[in-house]
1. Taking H placed 1.01 Å from N in the peptide plane, check which residues at least 5 places from residue 97 or on another chain put their amide H under 5 Å from its amide H.
2. How about residue 9: which aspartates and glutamates have a C-alpha closer than 19 Å to its C-alpha, ignoring those fewer than 8 places off in the same chain?
3. Name the long-range amide H neighbours of residue 241: under 5 Å, sequence gap of 5 or more, or other chain; modelled H, no Pro or chain starts.
4. According to the square roots a ≥ b ≥ c of the eigenvalues of the Cα gyration tensor, what is the shape class of region 136-269, taking rounded for a/c under 1.5, prolate for a/b larger than b/c otherwise, and oblate for the remainder?
Amino acid sequence: MAINEDDKKAQKGLKTVIDLVQKTFQELKQQPTSPVDVLGVNVASGINFNTFSCSTVDDKTMETLTVQIGNLFNEFLVTLSEDFRGYIFNLLCEYQYDKNEKKIKENLTIGNLPKFLNDLEAIRDSIDAFKAAWDGKLNHVKEFLTKYPTYKDKPGPWGTTLLYSAAKNGHIELVKYLIADTGCCVNAQNQQHIERALSFETITADDYKVIPKAGSTALHGACFEGHLDVVVYLVEHGANYFIRNQAEETPLENIETRRHITEYFQTFI
């Protein structure tokens with residue numbers, strides 16, 4: 001997968017926010033300390049928060065930081081595609097970001113700032129990691145999941161899971177690693193509309209679109225592209241060939257032009 005302008009803009013914007021947060025950490029670290037232990041060691045930043053107490057936390061500093069972060073996001077989010085904006089919005093929503101008012105409605109605190117920084121670094125690194133999965137770069141994906149294991153079944157910036165990305169492109173060794181070593185869910189679905197994900201009987205949302213990629217599993221991708229070795233491995237590890245994607249297609253409906261895949265399924269269906 002080639003690098004595009006969206007990738008560069010997102011990574012540049014995230015780096016700006018990360019640099020600001022890290023700078024604030026360093027400033028807080030220089031404040032007078034007390035023996036009261038409030039927080040543990042933050043691995044991501046390398047700063048020992050045992051040196052902080054409630055009395056050293058400058059509320060005004062955190063308020064200013066929150067406003068600055070909101071402004072930085074507002075500046076670069078408008079330059080991104082809808083998919084990338086949505087991907088980053090999903091993170092910001094956890095920190096009370098209001099898309100309509102374009103601001104973080106609750107000030108960040110010294111308590112949640114370490115997690116916020118880790119989340120920012122994870123989403124920045126995920127851009128390259130999901131491209132690596134698409135290209136079959138096992139070591140890169142392995143390094144990413146070692147650092148951020150919660151991403152093993154999450155959809156990335158292009159709305160696809162790591163497993164789907166690997167399976168669709170026929171990277172069997174990466175598929176095996178993701179399932180056997182990492183424990184990825186073989187039936188994890190790509191990002192899909194919230195009303196469909198919640199199994200609404202009638203979907204009324206104006207922004208609902210019939211998109212085959214949305215809600216697809218790794219088996220959908222492998223079947224569509226005709227990767228028999230990947231299909232066999234997925235099925236042997238419990239892949240459900242009746243799951244429907246957002247276009248209401250099952251993996252079996254993606255094999256009409258793939259005779260070798262059709263013949264495989266005919267041996268047991």
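1. Sorted by chain and number, the residues that satisfy this are 105.
2. Straight-line reach from residue 9, under 19 Å: 19, 75, 82, 83, 119, 121, 125, 128.
3. Counting only residues 5 or more places away or on other chains, the set is empty.
4. Working: a/c = 2.02, a/b = 1.08, b/c = 1.87.
Taking the square roots of the gyration eigenvalues as a ≥ b ≥ c, region 136-269 is oblate.
Taken together, the values in this text are just the output of simple stated rules run on the coordinates, not laboratory data. All of these numbers come straight from a predicted model, not from anything done at the bench.
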